[in-house]
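The values are calculated or read from the model by the stated rules, or taken from the named source; none is laboratory data. Note that the coordinates shown come from a computational prediction; the quantities given were computed from them, not determined experimentally. Heads up, the Cβs are rebuilt from the backbone with ideal geometry, glycines too, and the neighbour counts pull from every protein chain shown. Note: accessible area is taken over every heavy atom of the protein model, side chains too, but ligands, DNA and RNA are not part of it. Shrake-Rupley method; radii C 1.70, N 1.55, O 1.52, S 1.80 Å.
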Amino acid sequence: MKRNRARRTGQVIVLAMAAAITVQAVDAAAHPLPPRPAGRPGEWASDDDYPVAALRDNAEGLVRFELTVGADGVPTQCEVRTSSGNAALDQGTCQLMLQRARFLPATNAKGVAVIGSYTNTVRWQMPDDGKFSVPLPGQVRLEYDVAADGTISNCKLTSSGELGEYLVKDEEANRCANLGPYARQTDKAGKPVNRHVVQTEINVVTNVP
């Protein structure tokens, strides 16, 4: 993420998982697909977007937002579901998401594009004297099944440590809703196969002499 050190700025993070993936075979059931980001959510807001009013007030916090996404993949409405407690941060979040967020549209069971919704969280964080914090220690583990036809089921998120405490309570629904889409699953011989996926994010932070 670009950081402008020539002026006072803050750190902005659109939450996303850096994943290590393991796969094994299991059964899975089909369901319609929600909107999926067409790009990287982490690029929808940058440090240079920190609202001036929030910088002046030394304001920081989490903004949980929900987008209504049209059948063309363009968001038409943004609502703040969990406020940061600062109006400039809340309003700035929605303005940025409406301007920059783009999606592969939601599809119904027949594969037809429809209106859907997408939720995520932006963390606005003030630096200490122009310096940024190290990652929070802890682990996040996302597990789900992918059927041979590419559909997803049995999605579950578990977390621990400070990283886990940082996540908002509905993060499981958010991450599970924005998985895929996946292609049909086959083994090396071309035979259909079901898979179980485990994605883990682990931050190990220790004190040293």
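Figures for the structure shown
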read-out: Residue check, G150 at positive phi and either out of contact with any strand residue (DSSP E or B) (no Cβ under 8 Å at 6 or more places or on another chain) or in contact (Cβ under 8 Å) with a residue 24 or more places away in the chain (or both); value: yes
read-out: Candidates T158, T186, filtered to the one that is open to solvent by 30 Å² or more (accessible area, probe 1.4 Å), hydroxyl-bearing (S, T, Y) and in contact with a Lys or Arg (Cβ under 9 Å, 6 or more places away or on another chain); value: T158
read-out: Extreme residue, most open to solvent (accessible area, probe 1.4 Å), among residues of segment 189-209 that are more than 23 Å from P135 (Cα to Cα) and in contact (Cβ under 8 Å) with a residue 40 or more places away in the chain; value: P192
read-out: Enumeration of residues in segment 166-191 that are closer than 22 Å to Q125 by Cβ and either modelled with pLDDT under 75 or in a loop (DSSP other than H, G, I, E, B) (or both); value: Y166, L167, V168, K169, D170, E171, N174
read-out: Options A101, A88, A113, A109: the member that is open to solvent by less than 30 Å² (accessible area, probe 1.4 Å) and over 15 Å from A53 (Cβ atoms); value: A101
read-out: Filter result for the condition that a residue is modelled with pLDDT of 90 or more and either in a helix (DSSP H, G or I) or of a type in the set (D, E, K, R) (or both), over T68, T93; value: T93
read-out: Inter-residue pairs, beta-carbon under 6 Å, first open to solvent by less than 20 Å² (accessible area, probe 1.4 Å) and in segment 56-71, second basic (K, R), 6+ apart; value: R64/R81
read-out: Hey, P135 touching a helix residue (DSSP H, G or I) at 6+ places or on another chain (Cβ under 8 Å), modelled with pLDDT under 90 and surrounded by fewer than 16 Cβ atoms within 10 Å (Cβ to Cβ) or not; value: yes
read-out: Residue under evaluation G42, criteria (1) out of contact with any helix residue (DSSP H, G or I) (no Cβ under 7 Å at 6 or more places or on another chain); (2) outside any strand (DSSP E or B); (3) more than 19 Å from A173 (Cα to Cα), criterion not met; value: (3)
